[in-house]
Amino acid sequence: MKRTLVIGWDGAPYDRISKWVKDGKLKNLGNLVNRGSFGPLRTTELTISSCAWTTMVTGKNAGKHGVFDFFGTKFVNDSYFREPIDSRWRRADALWNYMTKNGYRIGVVNVPITYPVDKVKGFMVGGMMSPSVDAPRFTYPADLLKDYPRLKEYRIDIEGAKHLDRDKFIYEVHKTIDERFELFKYLIKKEDVDLFFGVFTSSDRFSHYMWHFFDPAHPYRKNESEEEIRKYENSLLELYQQLDVYLGELIEEFGADNVMVVSDHGFASIYKYFEFNKWLYQKGYLKFKPKSERSEFKHGKLNPKRTYIYGKVDWGSTVAYMIGKRGSVYINLEGREPQGIVKKEEYEDVVEELIKEIKKIKDPETGEYIVEDALPRDAIFSGPYVEEAPDILTFFKDKYASIGYIVDLESEDLFIVNDRPDLELELGIERYSGIFVASGSDYRHRHLEDAWIGDVTPTLLYSYGIELTEDMDGKVLDIFNEDFEPPRRIYLSKREKGVIARLKKMKL
């Protein structure tokens, strides 16, 4: 049976990767591109890794799998803080579930939002949001890594990220990549699987906090010396060149018939942040408590250096609020929010009114509108979990992004130039297309223009002869050789075996 290697580079931007491939700076990826199919991979409208990776591995929009952000719909008491999610929020089968049901062996390592891991035919190691390497159900089987000699060196993610000094941060980025590669290599040698899917996530972390070095016009560059700029201006390329070296070694080690390299989104600069909740306050949609009545809400997932809206809002007088970092607006709906005041019969009118107001937002410095579009959730998502989505999604123009926490409530200014070291804000944001590369015995050489992130799993399933479910939104990409024929299924379900057994008895 053929073997497929799928490697994820979180946040790999198509615009830069394609240029580096053209310039011959990514040798192993370039070899795949020259023989296979390559193009931009359009990401999810709600561009955030949790939603994007889950859409990739299910082939479905978030309305059908239920993962919209890194938090769900469960509130912590009346705080309006929402509990972080785990893999149990994904309510749709993923690639590994289909492979297992059809008798194929699969290995999955570090795909985001996979903790606690599923029981599969093969093995799984949890990714982003896993509590620790010792946590129950971090791996399947449970003893998968009991003899792994480098387990103490392994990093699930880069703890602290921006809170680390730069040298320590860069060390942790590369150390995490190195240890991820070592684990991939160990499991590829140890376990025989038909498909291996492993994701490197540190490329995303690096881009969030180093992006100003790759954009000469970024306002944060004023904080850097010329020496620092020269030192780090090629650091993103150098990171991807290291990933490219590891890609070549993994291809050789795995003995792959087919190889895919994918990313969940691209990256872009943030020049200005928009304080969304302060705008809602100024427009009368949100009301803050008097200063003497405000309190601090603490949670391990919140940055203690930032001021959040939790404990500071008069929810009984608030119509709408924004949480997350993607312009996701929620209506304070009666019966859904802890202290909701908007009645269901008022909901659509409030959403429509807010969307009109959001589209009018201008940058006073330039006089230009900053919102590309604002849409109600049902204009973007479909499926049984649409009602768990943000009520309004705001799409900002290039160089702008929103924040939900408060920088200075006493100031009327709504915009923050992204040049302040004290705020520890992200300098680059998830935006635009990621990459899709497919090369090997099944795939032909062509340039793709219309690939969507939800097409990855349907394409992989088709290559193994596994029937797609009718509710999948993704399609099988037109990348296969003309003489390609999907293999016949090698596995029968218990139900199918039972039917055959009964038919045999009837013949007797």
Quiz item: Do you know which residues across the stretch 1-15 are crowded, with 16+ Cβ neighbours inside 10 Å and out of contact with any strand residue (DSSP E or B) (no Cβ under 8 Å at 6 or more places or on another chain)?
Solution: none
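Pick out, from the stretch 225-343, the helices (runs of 4 or more DSSP H) lying fully within it that include 2 or more residues that are surrounded by 18 or more Cβ atoms within 10 Å (Cβ to Cβ).
Working: elements: 226-232, 235-254, 276-282.
In the stretch 225-343, the matching helices (runs of 4 or more DSSP H) lie at 235-254, 276-282.
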Quiz item: How many of the residues making up the stretch 64-107 are within 14 Å of the chain's Cα centre (by Cα) and either on the phi > 0 side of the Ramachandran plot or among the hydroxyl-bearing types (S, T, Y) (or both)?
Solution: 2
Quiz item: Which of the residues that make up the stretch 110-166 are exposed (fewer than 13 other Cβ atoms within 10 Å of the Cβ) and of a type in the set (S, T, Y)?
Solution: S132
Quiz prompt | Residue among Y98, Y104 that is among the hydroxyl-bearing types (S, T, Y) and either free of Cβ contacts under 8 Å to residues at least 40 places away in the same chain or in contact with a strand residue (DSSP E or B) (Cβ under 8 Å, 6 or more places away or on another chain) (or both) | solution = Y104
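Read the figures in this text as sums done on the coordinates, not as results from a lab. Just so you know, these numbers come straight off a predicted model, no measurement behind them. Note that each Cβ is placed from the backbone with ideal geometry, even for glycine, and that neighbours are counted across all protein chains shown.
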